[in-house]
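Each reported figure results from applying straightforward, stated rules to the coordinates on display, with no laboratory input. Remember, predicted model here, so these are calculated numbers, not experimental data. Cβ sites come from the backbone with ideal geometry, for glycine too, and all protein chains shown count toward neighbours.
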Amino acid sequence: MYLKISDAAQVKLTPYIENKSVIILDLDDGVGKYSKMGVCSLDTSFRILILDQLQEKTDFGLVLDSDIGAIYIKDYSKRYLDEEMTLEVDPRLQVLKLKSPSGTLDGNVPIVDLRTKQNR
């Protein structure tokens, strides 16, 4: 499984990559340490979590290859993803969107920075 990250999306993620942060593609389903609550709708909702190297990531046991290196996901969230996924910037709204050859999976993928203040 591979996550293609467009040039524009890479620009948005560059500050986190340069700081050697851990990048997570989180299925926001209310499960795990970093979820406050799940989304109460029929939509599938993802978000990009930014963690320090030392922050716990045991909920995210699967690693996707990508244009920017390793991206962690929850094991079971793989069922929502195709073999080829793309993270790109919506040119009109300037938000990240997650899509596959089948269509758009999530049209608004927020970046949530959970690093400690000293590591930002």
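As a proxy for reagent exposure, ranking Met1, Met85 by other Cβ atoms within 10 Å from fewest up yields Met1, Met85.
Would you kindly state the longest site-free stretch of the chain, with sites defined as GluC sites (Glu not before Pro) in a DSSP loop (not H, G, I, E, B) surrounded by at most 14 other Cβ atoms within 10 Å?
Numbers: sites that count: Glu56, Glu83.
That gives 1-55 as the longest site-free run.
Rg then Dmax, both in Å and based on the Cα atoms of the chain: 13.5, 41.
Phi-derived couplings, Karplus 6.51 cos²θ - 1.76 cosθ + 1.60 at θ = phi - 60°, listed residue by residue for the range 57-62: 9, 5, 6, 10, x, 10 Hz, with x used for Gly and Pro. Is it possible to state the helix-based mean residue ellipticity at 222 nm for the chain, with each DSSP H run of 4+ residues giving -39500 (n - 2.57), the sum divided by total residues, to the nearest 500 deg cm²/dmol? What is it? Helix contribution divided over all residues of the chain: -3000 deg cm²/dmol. The simple spin-label model puts a point 7 Å past each Cα toward its Cβ; for Tyr2 and Asp67 those points are separated by 1.2 nm.
Taking a straight line from the alpha carbon of Lys78, these lysines sit under 22 Å away, with near neighbours fewer than eight places off in the same chain left out: Lys4, Lys33, Lys36, Lys57, Lys97, Lys99.
Shown is the FRET efficiency for Glu83 and Thr14, computed with R0 = 25 Å from the Cβ-Cβ distance and rounded to the nearest 0.05: 0.45. This model, with +1 at the C-beta of Lys and Arg and -1 at the C-beta of Asp and Glu, gives the range 2-114 a dipole about its Cα centre of some 180 debye.
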